[in-house]
Amino acid sequence: MAGSSEEAPDSRRGVVVMDDWSGYDLNLFTYPQHYYGDLEYVLIPHGIIVDRIERLAKDIMNDIGYCDIMVLCVLKGGYKFCADLVEHLKNISRNSDRFVSMKVDFIRLKSYKNDQSVGEMQIIGGDDLSTLAGKNVLIVEDVVGTGRTMKALLSSIEKYKPNMIKVASLLVKRTPRSDGFRPDYTGFEIPNLFVVGYALDYNEYFRDLNHICVINEHGKEKYRV
């Protein structure tokens, strides 16, 4: 899926899905019947997603050093990634000689309409960010595109002087509009495609799709608002 290279892999890029990757035929997988005709192909199957998240949890625990963690989940697209990641983190903690306390809070960042970014970011919900002062914060996000939204969130949090901030993103898109921001932990680096599934949505549809898939033009038009 990710192609090959003689160079040592850059772990911060995660699993790299190349631009010429044509994906998996939809007929090889099961997915909700109400989305038949709305998808191009499966980009990342569910099983590969779950295995990759398990490895991310191990990397996070090794890196953070088994300190108490405040997980800040970015809704709505990040909820499945966050739930699976936290479960793996808890399992590692249970099987270690030191218990790691984890608390989870939720925020929403509103920046998309249809398949286009609306530019300005809005933070919705969550406790007062001042409660993050002195904490070890792990932000869990579904997709990093240009990086501007995440940079704006980090700027908002940094004002309250947390002890540490790390960012884990399931996906990072290769886009010419990127400002160079890179999460600390990346599941997959993918081409600049609009993807749905595994809680990633298009106008609130496709969250119930387990695989990460590429939506087709018919699907975009069908669910456009």
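Computed from Cα positions, the angle between helix 46-64 and the longest principal axis of the chain comes to roughly 20 degrees.
Per-residue Karplus couplings for region 92-102, computed as 6.51 cos²θ - 1.76 cosθ + 1.60 with θ equal to phi - 60°, are listed in order as 5, 4, 4, 9, 10, 8, 9, 6, 10, 7, 10 Hz, Gly and Pro entered as x.
Give the value in nm², to one decimal: projected area of the alpha carbon convex hull of the chain, averaged over all directions.
On the way: hull surface 52.3 nm².
In nm², the orientation-averaged hull projection of the chain is 13.1.
The fraction of accessible area contributed by carbon and sulfur in region 72-225 is 47 percent, rounded to a whole number (1.4 Å probe; ligands and nucleic acids excluded).
Per-residue ellipticity at 222 nm for the chain, helices alone: DSSP H runs ≥ 4 residues times -39500 (n - 2.57), over residue total, nearest 500 deg cm²/dmol? Don't skip to the end; give the middle numbers.
On the way: 4 runs with 52 residues, N = 225.
That comes out to -7500 deg cm²/dmol.
The calculated FRET efficiency for residue 163 paired with residue 94, based on their beta-carbon distance and R0 = 30 Å, is about 0.80.
I'd like the FRET efficiency for residue 184 and residue 20, computed as 1/(1 + (r/R0)^6) with the beta carbon distance as r and R0 of 22 Å, rounded to 0.05. It comes out at approximately 0.20. Shown here for region 25-67: chymotrypsin sites (Phe, Trp or Tyr not before Pro) in loop regions (DSSP other than H, G, I, E, B) with at most 10 other Cβ atoms within 10 Å, namely 36.
Across the chain, the longest run free of exposed loop sites, meaning GluC sites (Glu not before Pro) lying outside DSSP classes H, G, I, E and B with no more than 15 other Cβ atoms within 10 Å, spans 8-203. Isolated cysteines of the chain, defined as having no other cysteine beta carbon under 4.7 Å away, are 67, 213.
Taking each of 76/159; 58/166; 110/220; 103/135; 58/110; 58/135 in turn, the alpha-carbon distance tops 22 angstrom for 76/159; 58/110. Centre-to-centre, using Cα atoms only, region 55-116 and region 148-225 are separated by 15 Å.
The values are calculated or read from the model by the stated rules, or taken from the named source; none is laboratory data. This is a predicted model, so every value here is computed, not measured. Neighbour counts run over all protein chains shown; Cβ positions are idealised from the backbone, glycine included. To get the accessible areas, we keep the full protein, side chains included, count just its heavy atoms, and leave off ligands, DNA and RNA. Shrake-Rupley method; radii C 1.70, N 1.55, O 1.52, S 1.80 Å.
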